[in-house]
1. Might you let me know whether segment 257-268 holds any residue that is aromatic (Phe, Trp, Tyr), touching a helix residue (DSSP H, G or I) at 6+ places or on another chain (Cβ under 8 Å), more than 16 Å from the ligand (Cβ to nearest atom) and outside the structural domain of VAL20 (by TED's automatic domain parsing)?
2. If I filter segment 103-142 down to residues being open to solvent by 40 Å² or more (accessible area, probe 1.4 Å) and acidic (Asp, Glu), which single residue comes out as farthest from PHE52 (Cα to Cα)?
3. Kindly list, by first and then second residue, each pair from a residue in segment 42-64 that is under 16 Å from LEU154 (Cα atoms) to a residue that is open to solvent by less than 30 Å² (accessible area, probe 1.4 Å) and not in a helix (DSSP H, G or I), limited to pairs with Cβ atoms under 8 Å and residues at least 6 apart or on different chains.
4. Name the strands (runs of 3 or more DSSP E) wholly within segment 1-68 that hold at least 3 residues that are crowded, with 23+ Cβ neighbours inside 10 Å and within 16 Å of the ligand (Cβ to nearest atom)?
5. Pairs needed: first member in segment 262-276, among the small types (Gly, Ala, Ser); second member anywhere, in a loop (DSSP other than H, G, I, E, B); C-beta distance under 7 Å; at least 6 residues apart or different chains.
6. Hey, can you tell me all the residues within segment 143-186 that are in contact (Cβ under 8 Å) with a residue 40 or more places away in the chain, open to solvent by 40 Å² or more (accessible area, probe 1.4 Å) and under 22 Å from the mean Cα position of the chain (by Cα)?
7. Working only within segment 101-132, note down all residues that are outside any helix (DSSP H, G or I) and among the charged types (D, E, K, R).
8. Answer yes or no: is there a residue in segment 287-297 that is more than 19 Å from ALA214 (Cβ to Cβ), assigned to a strand (DSSP E or B) and more than 16 Å from the ligand (Cβ to nearest atom).
Amino acid sequence: MSLKELVEISRRYGADTEYVIAGGGNTSLKENGILYIKGSGAPLAEMTEVGFVKMDRTQLASIWQKTYPANANDREAAVLADMLAARLPGEEHKRPSVETLLHDLLPFKVVVHLHPALVNGLTCSRNGEKCAQELFSGEHIWIPSINPGYTLALAVKDALSNNGNKAIIFLQNHGVFVGADSVTEIDALYHKIMETINGHITICPDFSPLPVPADQAGINAALAAISGNTVLFALNKGFAPLIKDRSTFTPVSSAFTPDHIVYSGSDPLFIEKPEGTIEEHIAKAWKNHSIKTGRSPHIVAVQDVGLFGIGATEKAASLALLLFTDAVKVASYAQAFGGPLFMDSDKIDFINNWEAEHYRVTR
Ligand SMILES: [Zn+2]
């Protein structure tokens, strides 16, 4: 297993939208006391050898001997500082993945961490833990929903010492880590995970586009004026049944994973079909929502009209719609495992306030 092979496997999984969207996921290799971990700044599909950060594994391991502040933000800041200090000389300009500590813990040469919609259909479902046990019969570890960073790495460390080494780690409301000593084994494990889950899926949404309704233009202009941002419209066969009314929108009305929060926001706004002046109707709904949540929405669903993705740039608006589409997939797949399960509100708040995730969206 070489760095060249790590680049190859990163690019291959990164380019496959069944496995990765919006540049999510990360990979690593351990060799001669060095951890090569994906750096922030480039998506997996475009990784090169220099895109990996070289880190001293002895120094990373020493993090576990230290005591950190009890306050979550203070602790994450202190751990981040120690993690950055573990970069080898010459690597100081690079930013290692927020999941570096977890990669280093896993006793495998190569680790590929992804957030596939299919896998999250399982990890974001009410009976996910029980179904994972039935489907993977103990070849895996299930980590209950937890804040990312140090807290997550610590939970995995404890789970490994209680259960022994497992090649598959499902993270509730997040994704999956797969570890092995060769690319062939990683491929075989991912193939098995995807085939197994796919074999149990009962609903597969169809995203074929539908005609753009006449009301779209006026609402789009009103949203652009009130947000001061770029607004993109989408309507397809997968979205239409969700925007019938407030109750049909419920399965996608919050966030499933940190990725959904970072790109689509944790609070999509549902607006009843406008009556009277569109501008006033939209402005009132926007204002009430912003007061209630303390944030502006990235996704606005208008009853029987369609979905609007909102962002500072066209790319951000389109990513909001892309991650919303991913959430629709997750909600549909989760039907096979007892129905969808959102992140808890305290974990949503943690991501909304987390510096490291902020870095990802501003990269
Ligand atoms: Zn992740």
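1. Looking only at segment 257-268, we keep the residues that are aromatic (Phe, Trp, Tyr), and these are 263.
Subset that is touching a helix residue (DSSP H, G or I) at 6+ places or on another chain (Cβ under 8 Å): 263.
From what is left, the residues that are more than 16 Å from the ligand (Cβ to nearest atom) are none.
No, segment 257-268 has no match at all.
2. Once the filter is applied, the top-ranked residue is GLU134.
3. Here the result reads LEU60/LEU35; LEU60/ALA86; ILE63/ALA86, each pair linking segment 42-64 to a residue that is open to solvent by less than 30 Å² (accessible area, probe 1.4 Å) and not in a helix (DSSP H, G or I).
4. Working: elements: 26-31, 34-38, 52-56.
Because the criterion is at least 3 residues that are crowded, with 23+ Cβ neighbours inside 10 Å and within 16 Å of the ligand (Cβ to nearest atom), the strands (runs of 3 or more DSSP E) in segment 1-68 that meet it are 26-31.
5. Within 7 Å, the pairs are SER264/HIS298; GLY265/ARG295; GLY265/PRO297; GLY265/HIS298; SER266/SER254; SER266/ALA255.
6. First, the residues of segment 143-186 that are in contact (Cβ under 8 Å) with a residue 40 or more places away in the chain: 145-153, 156-157, 160, 165, 167, 169-183, 186.
Remaining after also requiring open to solvent by 40 Å² or more (accessible area, probe 1.4 Å): 146, 157, 165, 181.
Within segment 143-186, ILE146, LYS157 qualify.
7. Of everything in segment 101-132, those that are outside any helix (DSSP H, G or I) and among the charged types (D, E, K, R) turn out to be LYS109, ARG126.
8. To start, the set of residues in segment 287-297 that are more than 19 Å from ALA214 (Cβ to Cβ) comprises 287-297.
Remaining after also requiring assigned to a strand (DSSP E or B): none.
Within segment 287-297 (the criterion being more than 19 Å from ALA214 (Cβ to Cβ), assigned to a strand (DSSP E or B) and more than 16 Å from the ligand (Cβ to nearest atom)), the answer is no, since none of the residues qualifies.
The values are calculated or read from the model by the stated rules, or taken from the named source; none is laboratory data. Since we're looking at a predicted model, the values are computed, not measured. Note: ideal-geometry Cβ built from the backbone for every residue, glycine included; neighbour counts use all protein chains shown. For the accessible areas, the whole protein counts, side chains as well, though only heavy atoms, and no ligand, DNA or RNA atoms are used. Shrake-Rupley method; radii C 1.70, N 1.55, O 1.52, S 1.80 Å.
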